[in-house]
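**Q** This is the structure I have questions about; it appears just below.
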Amino acid sequence: MKLRSIILVSLCAVLVLSPRASAEGLLNDAQLRMIRGNCAALRQSLTKTHDADAVLRSNLTAQYDDIISKLMMPLNNRLVQNKMDATEFLSTTDDLQKKVAEFRSQYSIYERKLSSTIDMDCANQPWDFYQSLGVARDQRRGLGNTVHSINDLLKRYRSSVDGLLPKTGVAR
Amino acid sequence: MIDRLRERAAPYIATSRQRFIVLITGVLSLSMVMVAIAFNLYRLSGVEQVDMSLPRYQNVRQQVVHDDQTPAFASSGSVNDSVVKDFIAQYDARTNKITPVQDFSNNALSDESLGLAATPPAQ
C-alpha cells in the first residue's frame, strides 16, 4: 500500500515537473539570464515573426486556393469531358486539397502556441517560456515540412501535365 | 369628464409602459446573446487568427497580395497541344510565385536568431 502511494506520488511529480525539468536541462545559466534580461526584446522579436508568418500564411493559402480552383479543377473537368485518363490529375488535386487543409489546421495550432508564448511573462517564468518556445519551434518546422509536401504535389501535377503533350498528338 | 377618462386609462398606460420596457430589455438581451455567439464562433473557428484587418496587423497588411484579376482556365473545350502549353504557362506563372518564397522552414525561432545561443562554459 505504502509502495503504491510512493509510486503514485512519484508519477504525479514527474508529470507536473517534467516540462520544467526538461527546459531546465536545456537552459544554462547564461541563457536564463538572457531570457530574463531581454524579455521585452524577445517578445518583440517573436511578435515580428508572428506577423510575418501571418502574411506568409495568408499569401500561401490564397495562392494554393487559386491554383486548385482556377487551374487544376478546370483542367481536370476538361480532361474528363474529353474522355481522357484524369486519374493521376484527380488524385494529385485531392492530395493537394488535403495537404492545404492540414496546413491551415497546423497553422492554427502553431499560431495559438506562438501567441501564448508571446503573452508569457518571460522575465519571471523563463523555463516555461523556453519550453513553450520549443513547442512553437517544432510546430513551425512541421509547417515547413507541409509546405515542402505541397510544393512536391504541385511539381507532381506539373509532371502529369507534361505527360499530356505527347498524348495530344503534337510534338513538344 | 377628462379626469374620469384619465382615471380609467391609467392602468392601461402603466401596462403598455411595462410592455415597452420588457420589449426593449428583451431585444437588447437577445442582441447581446447573438453578438456573444458570433464573437465566439469568430474566435473558435480560427478566423480571428488569420483576420488581417485586425489592428495588430496594420504594419504588415500591405504585404498581403490580392490577386482576384487572373481569370480561371476554361473548364470546357478540347485538349490539344496549344491548350496544354497555355495551361503550363499559367501554371508556371502561379507556382513560381510560391516556390521561391521563404517558407516556414527558416530558423526564425532558433536560439541563434533570438540571441539565445548557448555559450560554451569557460574552460
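The values are calculated or read from the model by the stated rules, or taken from the named source; none is laboratory data. No experiment lies behind these values; they were computed from the predicted model shown. Virtual Cβ from ideal backbone geometry, glycine too; neighbours counted across all protein chains shown.
**Q** Can you say whether B:GLY46 is within 8 Å of chain A (Cβ to nearest Cβ), at positive phi and either under 30 Å from the mean Cα position of the chain (by Cα) or in contact (Cβ under 8 Å) with a residue 40 or more places away in the chain (or both), as far as the supplied structure shows?
**A** For B:GLY46, the condition - within 8 Å of chain A (Cβ to nearest Cβ), at positive phi and either under 30 Å from the mean Cα position of the chain (by Cα) or in contact (Cβ under 8 Å) with a residue 40 or more places away in the chain (or both) - is met.
**Q** Kindly indicate whether A:VAL100 is touching a helix residue (DSSP H, G or I) at 6+ places or on another chain (Cβ under 7 Å), modelled with pLDDT of 95 or more and either aliphatic (A, V, I, L, M) or on the phi > 0 side of the Ramachandran plot (or both).
**A** yes
**Q** Confirm whether A:ASN59 is polar (S, T, N, Q), in contact with a Leu (Cβ under 9 Å, 6 or more places away or on another chain) and at pLDDT 85 or above.
**A** Spelling it out, it is not the case that A:ASN59 is polar (S, T, N, Q), in contact with a Leu (Cβ under 9 Å, 6 or more places away or on another chain) and at pLDDT 85 or above.
**Q** So A:GLN81 passes all but one of these: (1) more than 8 Å from chain B (Cβ to nearest Cβ); (2) loosely packed, with under 15 Cβ neighbours inside 10 Å. Which condition number does it fail?
**A** (1)
**Q** Does region A:126-164 hold any residues that are over 30 Å from B:TYR91 (Cα atoms), charged (D, E, K, R) and more than 7 Å from chain B (Cβ to nearest Cβ), and which are they?
**A** Scanning region A:126-164 gives A:ASP128, A:ASP138.
**Q** Sticking with this one: I want to confirm something. Restricting to region A:39-51 and keeping residues that are of a type outside the set (Asp, Glu) and facing another protein chain (nearest Cβ under 7 Å), which single residue is surrounded by the most Cβ atoms within 10 Å (Cβ to Cβ)?
**A** Among those that are of a type outside the set (Asp, Glu) and facing another protein chain (nearest Cβ under 7 Å), it is A:LEU42.
**Q** If A:ALA123 meets every condition in (1) more than 9 Å from chain B (Cβ to nearest Cβ); (2) in contact (Cβ under 8 Å) with a residue 40 or more places away in the chain; (3) assigned to a helix (DSSP H, G or I) apart from one, which number is that one?
**A** Single failed check for A:ALA123: (3).
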